[in-house]
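Structure record follows, encoded as structure tokens.
Bear in mind these aren't lab numbers, they're just calculated from the coordinates by the rules spelled out. Here the structure is a predicted model, which means the values were calculated and not measured. All Cβ positions, glycine included, derive from the backbone under ideal geometry; neighbour counts span all protein chains shown.
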Amino acid sequence: MTNVYALPNNSQAWQNALDQVAHLLPANADGKILMQLPIFAVVVVVNNQAKEAHFSVDEAVQAWVDTQIGWQIKIVYDDEVAKANAHKIETDETMSDVSVHRYLLLPTDNKEMTSQRRDAVAHIIDEQLTVYLKKQIKPACSSFGVDEHGQIIEDLPKEKRTCVDVHLLSIAQLLQTPKLVCFDMDSTLIEQEVIVELAKMCGVSDEVAHITERAMRGEIDFAQSFAQRVALLKGVSVDVVDDIIANHITFQKGAFTLIQALKAHGCHTVLVSGGFVPFAKYVATTLGIDEYYANPLLTDGDSLLGEIDTNIIDGKQKAIIVKSVARKLGLDMGQVVCVGDGANDLPMMDISNIGVAYHAKPIVQARADVAVNITGLEGVLYAMGQRFDKV
């Protein structure tokens, strides 16, 4: 069944909210001043299946703010103009059953902060508000939970239950209109790690896993581990590539919806992967992504050579590619969003305006601007301050 969703103008809704609190800001609060003020955009995404029907997120957020000396909050709504100009997105996917709540959080005074101080304050607020809301929703999570893929399951251990995502960005950061969105592939756009699937097909899963563990312990670097793992594939028929693409690649929930929405908003999309070209080409083509970059899978025409290209795409190279694409499009990095799940995605996330950790490793979530944990990839839109309304 095809569902139609409306995506109102993101920046317009936030700007409208900011205009409504203009009297609380310095008279000369232009873009530069906004960058120096601790004014935050807060997006709270709550799993509707995990909260009680009568639970009010707005009331809970206000109750938390009331305990914070020197802070005030304003709910962000889409006005009629924004709704009228909304893009319509058709999808046959079932969207995650969540409610999205947006707020402006601002101080009761106009004290400016250094960027380092503001970042520290943001992390503290993010952590405290997340903990508070999880406690408030906890009674409804007692009999079930949400796993790392956002699926409701019975009897999930308490420490793994996740009912809410809190995204907190500076308002100046969010008001930047994204024009370029870059993605990792393995475990981000697709549910698999391609080299693991290759290893399974080639009967070398244990050996590849051992090399990966050594790399994670810091005994060997990424380039060494990548070369050693690829070497184990030497002599394998190239037919395994088509087999994996046809039978073993599955897309993350929300992937098609996300790419459609970004295209509707005029964003250029890029896949930047440390995996291999045949898989990146398939994923990019299927999703409608504009460009893709990945490592060549070297063959003699019939079998894999077990060799790597001299310039492999690692974390550093991912950041270089993102910068290059932005420069080619005439964009600055304030117009770039990067999405990934692993440590090798951090360099490109660090240089972007918004770095989104998607069902990511703890170290990545800690360093990213925002972390998506309870939805599919459509949650990236929520993290960017957007919301869906079913038509």
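Using only helices, what value at 222 nm comes out for the chain when you add -39,500 (n - 2.57) per DSSP H run of length 4 or more and divide by the total residues, to the nearest 500 deg cm²/dmol? Computed mean residue ellipticity for the chain: -11000 deg cm²/dmol. Report note on the peptides 57-70, 265-278: ranked by the mean count of other C-beta atoms within 10 Å, highest first, their order is 265-278, 57-70.
Here the dipole of the chain is about 1020 debye; that uses its Cα centre as origin and unit charges on the Cβ of Lys and Arg (positive) and Asp and Glu (negative).
How about the range 188-239: which GluC sites (Glu not before Pro) there lie in a loop by DSSP and see at most 12 other Cβ atoms within 10 Å? Here the GluC sites (Glu not before Pro) that fit, given the DSSP loop and packing criteria, are Glu219. Ranking of His123, His87 by neighbouring Cβ atoms within 10 Å, starting from the fewest: His123, His87. Normalised by the number of residues in the range 194-324, the mean separation of alpha-carbon contacts (under 8 Å, six or more apart) gives a relative contact order of 26 percent.
The P(r) of the range 40-92 has a tail past 11 Å containing 80 percent of all C-alpha pairs. Kirkwood's formula applied to the C-alpha pairs of the chain gives a hydrodynamic radius of 22.2 angstrom.
Taken over the range 227-331, the ratio of Cα radius of gyration to 2.2 N^0.38 Å equals 1.20.
Neighbour counts of C-beta atoms inside 10 Å place Val325, Val370 in the sequence Val325, Val370, starting with the fewest. Extension gain for Asp389 to Ala343 (0.36 nm times residue separation, less C-alpha to C-alpha distance): 13.2 nm. Spin-label model, Lys111/Lys234: points 7 Å from Cα along the beta carbon direction are separated by 6.4 nm. Taking other C-beta atoms within 10 angstrom as a stand-in for reagent exposure, Ser225, Ser205, Ser115, Ser96 fall in the order Ser115, Ser205, Ser225, Ser96, fewest first.
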